[in-house]
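Take a look at the structure below.
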Amino acid sequence: MSLQVTDLRVYYRTLAGDVKALDGVTLGIADGEIMGLAGESGCGKSTFGNSLIRIEGRMKHVGGTVTLDGVPLPIDDQREMDHFRFAEVSIIPQYAMSALNPTRKIGKMVAELLATRGVRYRDAREELERRIVLVGLSRDVLDRYPIELSGGMKQRMVMVVSTLLDPSLLIADEITSALDVSSQRAVAQTLVEFRDRGFVKSMIVVTHDVSILYQISNTLAIMYAGKLAEKAPTEVMMSRPRHPYTRLLISSLPEIGVRFEEQRLSGIPGTPPSLLNPPTGCRFRDRCPLAIAKCAEEEPPFVEIEPGHSVACWMAT
Amino acid sequence: MRRYFGRKLLVYGLTFFIAATIDWLIPRFMPGDPVQSLVSRQGFGLSAAGSQALVDYYNRLFGLGRPIWEQYLNFWVSLLHGDLGRSVYLTGRPVTSVIMSAVPYTLALLIPAILLSWWLGNNFGALAARRKWLDNVVLPIGYIFTATPYMWLAIIVAWVFGFILNIFPISGGYSYSMEPSLTLGFLGSLLSHWFMPFISLFLVQFGGWAIGMRNMIIYELDADYSRYLGALGAPSGLVRRYAFRNAVLPQVTGLALQLGVIVSGALVTEIVFSYPGIGKLLLAAIQNEDFFLLQGIFLFVIGGVLIANFLVDIAYVLVDPRTRVGMSGGTA
Amino acid sequence: MTATRPADDAQLAVTPDAERAGGQGVPGGLSAPPVRGASEAVGSRREILYFVLRSRKVIVAAAILVVMIVLAVVGPILRPGDPNALVGPLASPPSADYWFGTTTFGQDIFAQFVAGLGASFLVGLAGGGLAAVIGVVIGFVAGYRGGIVDEILSMLTNVVLVIPTLALLLVATAYLAARGLLVEAAFIGLTSWPWAARAIRAQTFSLKSREFVDLARISGVSSWRVIFGEIAPNMSSYLFLTFVLLFGGAILIAASLDFIGLGPTDGTSLGLMMYNAVAWSALQLGLWWWFVPPGIAITAIVGALYVMNVGLDEIFNPRLRES
């Protein structure tokens, strides 16, 4: 197992109390697997991705463990975690387009960053340039300032930088959100290529856009209100989703060739519950068409219903 | 690059032109007749005929009988010749030479005070952003100093160190009993008279820079590139280094913006200490209603500030690499 | 292939940082708040009030200001009459009769002090207010219109910005025989607006390209209504903070002007008190009660304004709350 997360809980401290953004997530990712993590805004997917690499600001690690390649990840010890960052766990952040120091030439910044890891720029340069060309940039981008690059170019550069030390786990946080459709496709394909070439072993792709994940991920995990709703191989998820939320999500996707008169797009009425004081029982019950009395009393456990396919729903099990 | 500097020079040139024109215009459009008031203030107890003769003399001297456009042109001609008129209160000495003899004293105060306070203030501010205990000390002190009017701090410094503790002399540029000479004694006297006005100027500015830098650093530490470096496990040393470099840039621009205020502060500080710089000259000009001197000082100060602004602009281009790139049009 | 930017954008890219560095009348780094967007706008009034009441900075600063205002209002009632009248013993230290002592001429320093306080507040309000109005108008128009209008206004702003206020004021006021408080305030207002204009312009630029503005414009709303209906409310906190800084700056400038004798020819002011103190050798004679109170008052008022500015900025800009 490459990554094993057990009952991870990460809350946000606010003046009004703790927001239970991530409230008990358990999952595993194998070597070479690309897992897509999707859900509505505020479901906890970004918190999940970020907590694996850096718990900062108002986040606090409340419970649960993370193990990478058999070694426990000290996610709440900033100094200890530094050993793992960049080399074992890396991230392409949501703010990738502004992640480069505006007053430093890109090559210089990479050199200084590598130096802090004991890697000589000279040694890494050849591979660096190769990867830069791979993502479609020209070599001389290293002599440029970020201001000279377009947003998409900066993002691609960040992708190269983040994976330069061949991390075991790469987290891609909403990296397609700011792009147009064709760029999204290019970026998604680049991610797959990174995995295929062995630059990264496994990947978590966080996004609210399920359609991208369909193209590139091996498994799909859907989160809702801080908890996992369903996780399964992509094919299985798309063809026979069991959780009502997943099913509504999938059916809300437009299909090419299907006309509106024939099949209406359905949204999901309602909004997610407040995570300050989450309701008892299943958190989806207020919007769920299949909810029964039990859903309000007891929270459904995340159980495996068939190999590789887990659901948290009383009606699905 | 050329376009950037060309633009700046245009603004400065335009500013000087406008300022000089305002300077020239004001006495001519203010209520009352400046020459009449000049003569009456001099109050030599002349007879009516004598006063009239003086009025005529002055009118001829200042070319006030000539058409306006000709007066204006003459103004610029003499300006370019370095002729700012003659000081009335200092009985006929050319304004230019009067000002020039005061300038070294003012510059001796300004330049070290500005450079030192900027450099030390920035470093202190950066340090304060890192250490909480230093922050708790620097912050209130900084606010107090920066809110203090220049002349009041000068008064307090003079009072405490000059009057009560009697360490430094309160007034003058050098001891009244000495003659300017290149001796150690004289230099020592110069220095001891210089110190208090200098420290007073220094402290007020220091507070401002320290607080500014502290805020800038905090802002930069929260920027996306800082977070990214942190996410990639970069040690705080690298993050702080980047943050400092980026935070310094607006401080350079801020220096240019502050120059006018700082110069004003120097002027009033000099007045408190009777330090023989432009400030003291200014007060004398106002009190003696010596308009030529006043106008000369005005033009001089403006010119100086513009030059200083330009120097800071040059410094900024050197410090911020983006300006060179963005302005040269970048490359494909 | 690369996104090249014309010189103007480089200028703009540089300028927003400059806004943070403050300007004339505003010390070194005490800045107008950094440019930020509508998404960080504050929540409800109640939320603001909640944070205001919890912010130590704002509470302390407001308390100081209230004390000063009360003094300025109540003081003249306690000591009616002309503050410059000769009433008491010459150059005497603070006593029960004369709380702040007397000057070398026997004037009641406390009476002068409270009158001067009122004058300072008035000048700050009028001068700062005028500068705020000019700066906001010019900044808005320049930022919203862009193009040639922006170029011209920016040129104007830069020119006025560079001129040292004191230098200009000393020449102008030297020629006016009779000067009142409002004249001084007018001069200050007319010369200290540039940094505010630049800051407002930068903010307007940033907000102008937001979606809600585009929406309003598409719906055919007129420019002025877009400015006042859409952009201004999102900048309201920013505008307020800018005014606070201009207010403090005006008080400082007025004090300097008064100190070199270019203030109002009648009445009294804190700067004038210091001028008199220095002119009549209060330093050498050790009459500390003459020059200490006015300076403390100005420092306290301006300092309180600056601290309040920072405190309010922390409230309006949640990101700063962390630190």
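Rounded to whole numbers, the Karplus 3J(HN,Hα) couplings from phi for region A:92-107 are 9, x, 5, 9, 3, 5, 10, 8, 9, 4, x, 10, 10, 4, 4, x Hz, using 6.51 cos²θ - 1.76 cosθ + 1.60 with θ = phi - 60°, and x at Gly and Pro. Residues in region A:61-86 near a label at B:Ser236, defined as backbone nitrogen under 20 Å from the 7 Å Cα→Cβ point? Zone members listed by number: A:61, A:74-86.
Scalar couplings 3J(HN,Hα) for region A:158-168, obtained by applying the Karplus form with A = 6.51, B = -1.76, C = 1.60 to θ = phi - 60°, are 4, 4, 5, 4, 4, 9, 4, 8, 6, x, 5 Hz; x denotes Gly and Pro. With unit charges on the beta carbon (Lys/Arg positive, Asp/Glu negative), name the residue among B:Leu281, B:Ile262, B:Gly208 whose Cα is farthest towards the positive pole of the charge dipole of region B:200-289. Ranked along the dipole, the leading option is B:Gly208. With contacts taken as Cα pairs under 8 Å and at least 6 residues apart, chain B reaches a relative contact order of 24 percent. Per-peptide packing, taken as the mean over residues of other Cβ atoms within 10 Å, places B:130-139, A:154-163 in the sequence A:154-163, B:130-139 from highest down. Annotation: amide H of A:Ile92 within the under-5 Å range of A:Ile171, A:Ala172, A:Asp173, sequence separation 5 or more or interchain, hydrogens built in the peptide plane. Residues whose amide H lies under 5 Å from that of A:Ile305, counting only those 5 or more places away or on a different chain, are A:Ser310, A:Val311; hydrogens are built 1.01 Å from N in the peptide plane. As a length-normalised measure over Cα pairs under 8 Å and 6 or more apart, the relative contact order of region A:98-166 settles at 44 percent. Rg of the Cα atoms in chain A, relative to 2.2 N^0.38 Å, amounts to 1.03.
Distance between the pseudo-spin-label points of A:Asp31 and C:Leu78 (7 Å out from Cα toward the beta carbon): 8.3 nm. Ordered by the count of other Cβ atoms within 10 Å of each Cβ, fewest first, A:His83, A:His208 give A:His83, A:His208.
When the Kirkwood hydrodynamic radius is evaluated over all pairs of different C-alpha atoms of region A:98-166, what value in angstrom, to one decimal, is obtained?
Computed over Cα pairs of region A:98-166, the Kirkwood hydrodynamic radius comes out at 11.9 Å.
Note on chain A: lysine pairs with Cα distance below 24 Å, sequence gap of 8 or more or different chains, count 17. What the phi angles of region A:124-134 give under the Karplus curve with 6.51, -1.76 and 1.60, with θ = phi - 60°, is a coupling list of 8, 4, 4, 5, 4, 5, 4, 6, 4, 5, 4 Hz, glycine and proline written as x. Peptides A:3-16, C:278-291 ranked from most to least packed by the mean count of surrounding Cβ atoms within 10 Å: C:278-291, A:3-16. Database remark: amide H of A:Leu37 closer than 5 angstrom to the amide H of A:Val205, A:Val206, A:Thr207, A:Ala221 (H placed geometrically; neighbours at sequence offset of 5 or more, or on other chains; Pro and chain starts carry no H).
Only Lys, Arg, Asp and Glu carry charge here, each on its Cβ (+1 for the first two, -1 for the last two); on that basis region A:98-166 has a dipole of about 100 debye about its Cα centre. Averaging the Cα positions of each part gives two centres, and for region A:1-61 and region B:6-24 these lie 60 Å apart.
For chain B, just say rounded, prolate or oblate: build the C-alpha gyration tensor, square-root its eigenvalues into a ≥ b ≥ c, call rounded for a/c under 1.5, and beyond that prolate if a/b exceeds b/c, oblate if not. Because a/c hits 1.5 or more and a/b fails to exceed b/c, chain B counts as oblate.
Determine the shape class of region A:145-226: with a ≥ b ≥ c the square roots of the Cα gyration tensor eigenvalues, call it rounded for a/c under 1.5, and otherwise prolate if a/b is greater than b/c, oblate otherwise.
oblate
In this rough spin-label picture, where each label sits 7 Å from Cα along the Cβ direction, the A:Asp166-B:Arg245 distance is 3.0 nm. Each peptide in A:99-105, B:234-240, A:140-146 gets a packing score, the mean of other Cβ atoms within 10 Å over its residues, and the list from highest to lowest is A:99-105, A:140-146, B:234-240. Computed about the Cα centre, the dipole magnitude for the protein assembly as shown is approximately 500 debye when only Lys and Arg (+1) and Asp and Glu (-1) carry charge, each at its Cβ.
In a simple Cβ point-charge model (Lys, Arg +1; Asp, Glu -1; nothing else charged), chain B has a dipole of about 1000 debye relative to its Cα centre.
Looking at A:Ser150, A:Ser183, A:Ala38, which one has the Cα that reaches farthest to the positive end of the dipole of chain A (charges on Cβ: Lys, Arg +1; Asp, Glu -1)? Highest projection toward the positive end goes to A:Ser150. Ordering C:Ala300, B:Ala108, C:Leu166 by Cα displacement along the dipole of the protein assembly as shown toward the positive end leaves B:Ala108 in first place; charges were set at the Cβ atoms of Lys, Arg (+1) and Asp, Glu (-1).
Values quoted throughout were computed directly from the atomic coordinates according to the rules given, and no laboratory measurement underlies them. All figures in this text were calculated on a predicted structure; none of them were measured in a lab. No Cβ is skipped: glycine too gets one built from the backbone with ideal geometry, and neighbour counts run over all protein chains shown.
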